[in-house]
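What follows is a set of notes on a single structure, which appears directly below.
Every number in this text was worked out from the coordinates using simple rules, so none of it is lab data. No experiment lies behind these values; they were computed from the predicted model shown. Every residue, glycine among them, receives a Cβ derived from its backbone with ideal geometry; neighbour counts consider all protein chains shown.
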């Protein structure tokens, strides 16, 4: 189970458990008790999702439950009905055409291939996959991933270069900033 599915599974499990508790409380104690349990379920589900995302490094750029891939899937299904889709992400409002959505999905597939290689310490293959994704649809996460590969290879200068490219796109990207600081510390030793 990949990290995105794990996060969604925890969210759904929490929601299901507290919905059942809410129905049970509504049956025995009254409507407000049931409503309270349902709200608690949503809050705990959100907390689980946030914790799992932080621990496992979820890709979501925005703090939404769907995550970026879920939004791309939703946008693709809306696009199938015709017209363009307007989304809000790290870069602000943007209108996506069907081709934009397809490009982002292709880039995401290459990124997942890069992630798989990176997890197996197959750095050359990870770089190839991340660079293919970057050619299709550049974003701050891909630059950060490439920086992480170079950092793992001990090439701190290139790691710094790619972390800085990531931060140039999104200056608020805390993970890239943290990685940049760590690599600069390692390079200084």
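Available extension along the chain between residue 39 and residue 105 is 20.4 nm, counting 0.36 nm per residue and deducting the alpha carbon span. Ordering 166, 152 from the fewest to the most neighbouring beta carbons within 10 Å gives 152, 166. Legend: ranking of residues 163, 150 from fewest to most surrounding C-beta atoms inside 10 Å; resulting order 150, 163.
Each residue in 167, 158 was given a count of other beta-carbon atoms within 10 angstrom of its own, and listing them fewest first yields 158, 167. On the beta carbon distance between residue 186 and residue 116, with R0 = 22 Å, the FRET formula returns roughly 0.30.
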